[in-house]
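Participant: Shown below is the structure under consideration.
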Amino acid sequence: MSRLWNVAVVGATGAVGTQMIECLEERNFPVGTIKFLASGRSAGQVLEFAGKPVQVEELRHDSFEGIDIALFSAGGARSEEFCPSAAKAGAVCIDNSSAWRMDPDVPLVVPEVNPHAIAGYKKKGIIANPNCSTIQMVVALKPLHDFAAIRRIVVSTYQAVSGTGKKAIDELRIQTGELLNGRPSKNEVYPHRIAFNCLPQIDAFCDNGYTKEEMKMANETAKIMEAAIKTTATCVRVPVFYGHSESVNIETAQKITAAKARELLRGAPGVELVDDPISGDYPMAINAAGEDLTLVGRIREDDSIDNGLNLWIVADNIRKGAATNAVQIAEILIAKYLK
Ligand code: NAP
Ligand code: 12T
């Protein structure tokens, strides 16, 4: 029998952690023992793995003895504090937070784009999962970039509330219900009402006027694509539960016709081409939700510049944008690197 791996899910009770557990089950990841970790608030809560009850334990520095792989999604502060302890105990951390992404000694990996980078895990024992908005964008752009180098990206996002976690999903649900019943709504997670609204702010503002989310998209894209691509982003929260949508404009070194782009994307790894607009076929969040593929459509040439292309890119932010991508990294890790 092939080897089994002891896995810890850190943030097991959260929106991403819950999906992480489902992905491990769905993909039949060869799990030996499983450990669910969260805050003291959840300790003792019983979840299930593969039909068996598993008690949630409080995350501690000594939680990682005997663990081979630790999947972290409990917020950046926990990743900063606990990934080094986990790595010291011999676990390879696959971290979903932004804490380690731009560390030059930590690989930032999207399996369809730069799987070779996983080899760099040895330096710190940490592999970073990129930001959800970045992941789906690079999955769609990599096949185009390999044909004609991308010089510049202009992207606007339409991001689902699930990206912020359980409390934000509740906030949109409750606000929508209250407003439909003619009652006043409260906001606690977001700075303004999200129901029936769009918020041009995701994460905190930086000194340059961009948000951190917008800067993540710019910096992470260049690191993953291993190219000096310039990206300018506007990230917007919309009242959608699952699925981020993105309007993406690229400028390339040589021309890519719309027909060529469709040819390059048809059957590309992790991509589903959904581009028959006359028949009403284009990517939508409601179709991406629950799926692992990145949907790409509305492909058209940008005639305002020499070599420009517009695309509409949609994926499930909790699956490909977080959990699925992390489990795919773990699959490559055990197949190629851990013995
Ligand atoms: P969430 O639904 O709010 O869940 C947060 C999880 O972290 C819960 O399991 C929570 O446990 C745990 N946690 C909170 N404080 C903790 C503490 N002091 N010690 C131990 N565990 C603690 O949030 P989420 O959406 O799942 O996101 C979790 C993290 O994943 C985010 O902060 C972010 O870093 C990352 N993320 C990444 C992406 C991406 O783009 N790749 C997308 C979304 C999220 P309790 O239930 O006990 O509070
Ligand atoms: N603030 O992984 O709110 O850095 O949608 C992902 C999603 C941070 C991250 C969000 C965020 C991240 C959000």
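The values are calculated or read from the model by the stated rules, or taken from the named source; none is laboratory data. Model, not experiment: these values are computed from the prediction. Every residue, glycine among them, receives a Cβ derived from its backbone with ideal geometry; neighbour counts consider all protein chains shown. Calculation scope for accessible area: heavy atoms of the full protein, side chains included, ligands and nucleic acids excluded. Shrake-Rupley method; radii C 1.70, N 1.55, O 1.52, S 1.80 Å.
Participant: Send over a whole-number figure in Å² for the accessible area per residue of segment 285-339, probe 1.4 Å.
Facilitator: 37 Å²
Participant: A further question follows. Taking a probe of 1.4 Å, how large is the accessible area per residue of segment 1-89, in Å²?
Facilitator: That works out to 49 Å² for each residue.
Participant: May I ask you to derive the FRET efficiency for R173 and K52 from their Cβ-Cβ distance with R0 = 41 Å, giving the value to the nearest 0.05? Kindly include the intermediate steps, with their values, before the conclusion.
Facilitator: Numbers: r = 30 Å, r/R0 = 0.74.
Plugging the Cβ-Cβ distance into 1/(1 + (r/R0)^6) gives 0.85.
Participant: Find the relative contact order for segment 1-71 and round it to a whole percent, using C-alpha pairs within less than 8 Å whose residues are 6+ positions apart.
Facilitator: It rounds to 39 percent for segment 1-71.
Participant: Pop a pseudo-label 7 angstrom from the Cα along the beta-carbon direction at both A77 and T232 and give the gap in nm to one decimal.
Facilitator: 3.5 nm
Participant: A further question follows. Using a Förster radius of 41 Å, what is the FRET efficiency between I286 and N28 based on their Cβ-Cβ separation? Nearest 0.05, please.
Facilitator: With R0 = 41 Å, the Cβ-Cβ based efficiency is 0.90.
Participant: List the lysines whose Cα sits under 22 Å from the Cα of K260, skipping any in the same chain fewer than 8 residues away.
Facilitator: In chain and number order, the partners are K142.
Participant: Can you give the % of DSSP beta bridges in the chain that are antiparallel, to the nearest 5? Could you put the intermediate results ahead of the total?
Facilitator: On the way: 28 of 59 bridges.
Here the share of antiparallel DSSP bridges comes out near 45 percent.
Participant: Quick one: compute a quarter of the convex hull surface over the Cα atoms of segment 203-339 and quote it in nm².
Facilitator: 10.8 nm²
Participant: List the residues of segment 275-296 whose backbone N lies under 18 Å from a point placed 7 Å from the Cα of S156 along the Cα-to-Cβ direction.
Facilitator: What the label zone holds, given the 18 Å backbone N cut-off, is 283-285.
Participant: Follow-up question, since we're still on this one. Apply the a/c threshold of 1.5 to the C-alpha gyration tensor of segment 216-266 and tell me whether it is rounded, prolate or oblate.
Facilitator: Since a/c reaches 1.5 but b/c is at least a/b, the shape of segment 216-266 is classed as oblate.
Participant: Among K52/K212; K123/K223; K124/K336; K35/K223; K124/K320; K88/K230, which pairs are too far apart, with a Cα-Cα distance over 29 Å?
Facilitator: Table pairs above 29 Å Cα-Cα are K52/K212; K35/K223; K88/K230.
Participant: Something else: So if I take the alpha carbon set of the chain, get Rg, then get Rh from the Kirkwood formula, what is the Rg over Rh ratio?
Facilitator: Taking Rg over the Kirkwood Rh, I get 0.97.
Participant: Another question, if that's okay. On the protein heavy atoms, probe 1.4 angstrom, tell me the percent of accessible surface of the chain carried by carbon and sulfur.
Facilitator: Of the solvent-accessible surface of the chain, carbon and sulfur hold 50 percent.
Participant: I want to make sure I understand the PRE zone here: with the label point 7 angstrom from the Cα of D276 toward its beta carbon, which residues in segment 300-317 have backbone N atoms less than 18 Å away?
Facilitator: 300
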